[in-house]
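Enquirer: Have a look at this one before I ask anything.
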Amino acid sequence: MTTLAPPVQRRSSEQTSAGGRSGPVAWLALPAFLMFAAFGIIPLIGVLVLSFTQWDGIGDIHPAGFDSWTTVLKDPGLVHALWVTFLIMALSWAFQTPLSLLIGVYLATQNRYREILAVIYFVPLLLSSAALAITYKALLDPNFGLGAGLGIPLLQQDWLGRDNLALGVLVFVVSWQFIPFHSLIYQSGVRQIPTAMYEASEIDGAGRVRQFFSITLPQLKYTIITSSTLMVVGSLTFFDLIFVLTAGGPGDATRALALDMYKRGFQANLMGPASVIAVILVLVGLGLALLLRRLGGRDATESQMEGV
Amino acid sequence: MERNILSRRNFLGLSMGVGAGVALAACGSSGPGTGSGGGSGAGAASYWFLTGAPGEGIRTNTVNRFNQANPNSKITATTFQNDAYKTKIKTAIGAGQAPTIIWGWGGGTLRSYVQAGQVEDLTSWFGENAAVKDRLFPSSFGAATIDGKIYAMPAETVQPIVLFYNKRAFEKIGAQPPTTWGDVMDLVPKFNAAKIAPFSLGGQSRWTNMMWLEFLFDRIGGSEVFQAVFDGQKDAWSHPAALQALTMTQDLIKADGFIKGFSSITADSNADQALLYTGKAAMMLHGTWTYGGMAADGGDFVSSGSLGYMNFPPVDGGKGDVSDTVGNPGQYYSISSKATAEQKETAKKFFKDAVLADAEVKEWVDAGAVPIVKGTESAFSASKDADFLKFVYNTSANAKTFAQSWDQALSPTAAEKLLDNIAQLFQLKISPQQWVTNMNGTIGQ
């Protein structure tokens with residue numbers, strides 16, 4: 001099966017060059033590691049230390065043992081914030097994955113208007129979350145927004161004033177913003193699939209749908225895991241969008257973990273409990289990322305090209 | 001080797017997600033990078049204040065006038081947008097990098113500065129300069145005084161919260177403005193029947209909801225109800241007047257007293273004011289600082305005299321004094337204790353000679369605001385907003401009690417819990433009794 005040389009060659013060349021690279025690889029990672037240490041590890045240690053103290057951000061820092069931890073862990077607000085975070089995560093994953101997969105697959109084909117469509121699809125990715133939030137807030141305003149302006153009663157909901165609607169709007173805006181990014185990932189994933197597979201399946205009489213489910217989808221397994229990891233871990237840190245769009249409201253219906261952390265730390269001046277939440281965020285993020293890697297099978301490096 | 005690639009990818013994937021969270025958490029430790037900190041040693045004093053018209057221009061002019069008169073001891077000004085400033089000033093003070101002159105709201109935030117030993121005690125300075133103190137409204141000193149000592153110079157303008165109403169909306173349904181709480185509840189179904197929302201409210205901002213409780217607590221139980229909370233008395237929120245006020249608030253919400261979708265409207269976007277001047281809502285409880293915005297954006301709404309205003313109506317059988325009001329009794333300038341002796345001298349000279357000098361007073365009046373200086377009524381008649389200015393002046397000067405807004409009077413920690421619980425109350429998610437229980441837990445924080 002050497003009909004489809006380019007992808008196979010690319011893969012094998014990567015393997016050989018990686019094999020001869022064992023020496024330099026370690027120090028090539030050094031700049032990245034230094035950055036990560038300075039802006040990731042050291043602040044993380046600082047936050048961990050702060051979580052065992054009492055500090056209002058202005059005065060002196062007092063050691064407080066496990067006080068902040070017990071306060072936060074006993075607070076029903078934490079369970080609620082975790083639940084909201086999980087809901088946003090799960091819903092935005094469930095909404096984004098199929099759509100970006102389909103758009104990605106479509107963009108990978110040789111279609112006439114593909115290039116133009118690709119550019120249009122990527123526009124939302126270029127906008128800042130804060131700007132998006134302000135725009136959507138204005139559009140969804142029940143009295144001065146799109147619904148009121150056009151006189152369409154269906155659009156005239158209290159979009160950000162009802163618990164479920166507000167959560168739905170958040171998920172929608174998040175998805176609207178990030179589907180282009182994930183489509184890009186899927187697009188490149190699809191292009192890596194050898195066309196020989198499709199040609200072979202065509203000879204065997206497989207239709208387009210069958211091809212999608214039997215070739216495209218299995219071949220995209222690792223792309224799906226990568227994209228899901230980014231979605232899941234990324235959704236833990238959604239802050240700017242929620243902060244501007246709903247400020248955690250109505251009530252505390254959209255108060256996710258990152259927002260809860262900000263409110264405790266910078267609005268209520270409770271740096272100790274805020275640091276506890278930051279640590280919890282880090283732990284949840286690490287746990288989820290590891291879990292998703294595990295879902296990819298015990299040996300994620302096994303080849304999908306066997307027999308090709 | 002494959003393993004090496006894996007771990008690198010893994011590492012990057014994790015660091016991207018986690019790094020963002022950590023960066024967010026670490027924001028608190030980043031002080032301002034500018035050299036305008038208090039410890040720079042130069043004679044020039046630094047001064048941070050808020051942007052936004054008309055205050056920004058007036059503050060800048062005052063600084064410029066001072067700098068022209070005192071070429072040897074200048075003040076350098078840096079301006080910040082409101083919300084950014086709140087975080088920035090806290091971080092700067094915490095890092096020992098505060099400006100010489102700290103612009104603030106007094107009350108609970110000032111108390112936290114005082115407890116950290118970050119601001120100068122100005123009690124003796126006011127003793128020596130009685131003339132400075134005596135020309136200001138006495139009510140403005142409450143929020144500057146912590147445990148009997150004065151830590152800030154009251155400045156700028158007085159901003160009580162008043163009940164605005166749209167006269168055109170009242171004409172439309174042929175009704176009169178409310179004179180009691182009973183009238184308010186009677187007006188609600190009438191306005192709703194005419195497809196006009198009785199009250200505009202920017203509920204997402206939370207402190208907007210709080211203003212309702214401030215007035216109802218006062219009108220029902222008198223100013224001592226919140227005073228007990230402020231003094232940290234145990235279970236002070238359990239006052240019967242509190243329960244009654246909270247129940248009445250929820251009754252108003254259940255009767256559709258507020259505009260549909262109020263919990264997603266923010267005050268920052270001025271959408272609540274727009275509802276009033278476009279006639280979509282008939283009344284609005286808001287600070288007098290909204291007057292300028294409505295005059296500027298509302299077309300002929302203000303200039304044609306369609307905007308009505310009054311103090312909050314009394315509640316039948318309530319104990320509170322009908323002249324009581326709440327709001328901002330002034331703005332507050334403090335001096336950083338970390339500043340050099342020279343800088344502190346400059347700041348005090350600035351307080352004495354430039355702050356609320358005649359030129360600044362005139363600028364505030366021209367901008368439609370009432371400076372906290374006694375005897376400025378005569379200047380009002382020249383203004384096109386003379387009636388409103390007189391109303392604000394009289395409301396402030398005649399108030400038996402001018403209470404500071406709760407979220408500014410309480411510590412930031414208690415204020416945040418308060419605002420949270422108020423938002424829940426307005427969503428009808430918690431009962432008045434739960435609200436009281438939750439809030440009693442914050443007393444002394």
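We did not get these values from a lab; they are worked out from the coordinates using the rules stated. These numbers were taken from a predicted model, which means no experiment stands behind them. Ideal geometry is used to build each Cβ from the backbone, glycine not excepted, and the neighbour counts take in all protein chains shown.
Enquirer: I want to verify a result. In a Gaussian network model of chain B, Cα cutoff 10 Å, which of these has the top mean-square fluctuation: B:328, B:129, B:270?
Expert: Maximum among the listed residues: B:129.
Enquirer: Taking H placed 1.01 Å from N in the peptide plane, check which residues at least 5 places from residue B:46 or on another chain put their amide H under 5 Å from its amide H.
Expert: B:76, B:100, B:101
Enquirer: Report the convex hull volume per residue for the stretch A:83-254, counting only C-alpha atoms, in Å³.
Expert: Expressed per residue, the convex hull around the Cα atoms of the stretch A:83-254 is 135 Å³.
Enquirer: Residue B:153's amide H: which non-local residues (gap 5+, or another chain) put their own amide H closer than 5 Å, with H modeled 1.01 Å from N in plane and none for Pro or chain starts?
Expert: Answer set, sorted by chain and number: B:333, B:334.
Enquirer: Which of B:69, B:274, B:409 moves the most in a Gaussian network model of chain B with Cα springs under 10 Å?
Expert: B:69
Enquirer: Evaluate the distance, in nm, between pseudo-label points positioned 7 Å from the Cα of residue B:171 and of residue A:83 along their respective Cα→Cβ axes.
Expert: Reported label-point gap for residue B:171 and residue A:83 is 5.1 nm.
Enquirer: Could you tell me the calculated FRET efficiency between residue A:191 and residue A:41, based on Cβ-Cβ distance and R0 = 41 angstrom, to the nearest 0.05?
Expert: 0.70
Enquirer: Also, quick follow-up: Going highest first, how would you order B:310-316, B:297-303, A:266-272, A:204-210 by mean Cβ packing within 10 Å?
Expert: A:266-272, B:310-316, B:297-303, A:204-210
Enquirer: If the viscosity is 1.002 mPa s and the temperature 20 °C, what translational diffusion coefficient in µm²/s does Stokes-Einstein give for the protein assembly as shown when Rh comes from Kirkwood over Cα pairs?
Expert: So the translational diffusion coefficient is about 74 µm²/s.
Enquirer: Label-point separation (nm) for residue A:221 and residue A:209, each offset 7 Å from Cα along Cα-to-Cβ?
Expert: Computed distance between label sites residue A:221 and residue A:209 equals 2.5 nm.
Enquirer: Rounded to the nearest Å, what's the spacing between the alpha carbon centres of the stretch B:375-419 and the stretch A:171-231? Just the number, please.
Expert: If you average the Cα positions of each part, the centres end up 62 Å apart.
Enquirer: Could I ask something else about it? Cα centroid distance between the stretch B:133-202 and the stretch B:297-345, in Å?
Expert: The two parts, judged by their Cα centres, are 9 Å apart.
Enquirer: Looking at this model, which pairs from A:74/A:221; A:137/B:280; B:86/B:349; B:86/B:149; B:133/B:319 are more than 28 angstrom apart at the alpha-carbon?
Expert: Long pairs (Cα-Cα over 28 Å): A:74/A:221; B:133/B:319.
Enquirer: Around residue B:189, with a cut-off of 14 angstrom between Cβ atoms, what is the net charge of the other residues, counting Lys and Arg +1 and Asp and Glu -1?
Expert: Summing Lys/Arg as +1 and Asp/Glu as -1 gives -1.
Enquirer: Then there is this: From the backbone phi of the stretch B:88-94, what are the Karplus-calculated ³J(HN,Hα) couplings (6.51 cos²θ - 1.76 cosθ + 1.60, θ = phi - 60°) in whole Hz, Gly and Pro given as x?
Expert: Karplus values, whole Hz, x for Gly and Pro: 4, 5, 5, 5, 5, 5, x.
Enquirer: About its Cα centre, how strong a charge dipole does chain B have in debye, to the nearest 20, once Lys and Arg get +1 and Asp and Glu get -1 at the Cβ?
Expert: Charge dipole, chain B, about its Cα centre: 960 debye, nearest 20.
Enquirer: Rounded if a/c is under 1.5, else prolate if a/b beats b/c, else oblate: with a ≥ b ≥ c from the C-alpha gyration tensor eigenvalues square-rooted, which is the stretch A:153-308?
Expert: It comes out oblate by the Cα gyration axes.
Enquirer: Quantify how strongly other chains surround peptide B:415-424 by giving the mean number of their Cβ atoms within 10 Å of each of its Cβ atoms.
Expert: Going residue by residue through B:415-424 and averaging, the value is 4.
Enquirer: Tell me the angle of helix A:114-126 to the major Cα principal axis of chain A, expressed in degrees between 0 and 90 and rounded to the nearest ten.
Expert: 20
Enquirer: Straight-line reach from residue B:74: which aspartates and glutamates have Cα under 12 Å away, leaving out those fewer than 8 places along the same chain?
Expert: Straight-line reach from residue B:74, under 12 Å: B:342, B:345.
Enquirer: Which whole-Hz couplings ³J(HN,Hα) result when phi for each residue of the stretch B:252-258 is put into the Karplus expression 6.51 cos²θ - 1.76 cosθ + 1.60, θ = phi - 60°, listed in order with x for Gly and Pro?
Expert: With coefficients 6.51, -1.76 and 1.60, one gets 5, 5, 5, 7, 6, x, 9 Hz.
Enquirer: Could you tell me how far the Cα centroid of the stretch B:55-118 sits from the Cα centroid of the stretch B:257-294, in Å?
Expert: First find each Cα centre; the distance between them is then 30 Å.
Enquirer: Just to be sure I understand: with springs between alpha-carbon atoms less than 10 Å apart, which residue in A:70, A:53, A:223 has the highest mean-square fluctuation in the Gaussian network model of chain A?
Expert: A:70
Enquirer: Something else about it: Which of rounded, prolate, oblate describes the stretch B:243-335, given a ≥ b ≥ c as roots of the alpha-carbon gyration tensor eigenvalues and a/c under 1.5 marking rounded, otherwise prolate only if a/b is larger than b/c?
Expert: In terms of gyration-tensor shape, oblate.
Enquirer: Based on the mean of other beta carbon atoms within 10 Å per residue, what is the order of B:61-67, A:212-218, most packed first?
Expert: Highest mean packing first, the order is B:61-67, A:212-218.
Enquirer: Per residue of chain B, what 222 nm ellipticity follows from adding -39500 (n - 2.57) for every DSSP H run with n ≥ 4, rounded to the nearest 500?
Expert: Value at 222 nm, helices only, nearest 500: -14000 deg cm²/dmol.
Enquirer: Let me ask you something else. Sticking to Cα atoms, compute the Rg of chain B to one decimal and its Dmax as the biggest Cα-Cα distance, whole number, in Å.
Expert: Both quantities, over Cα of chain B: 23.7, 86 Å.
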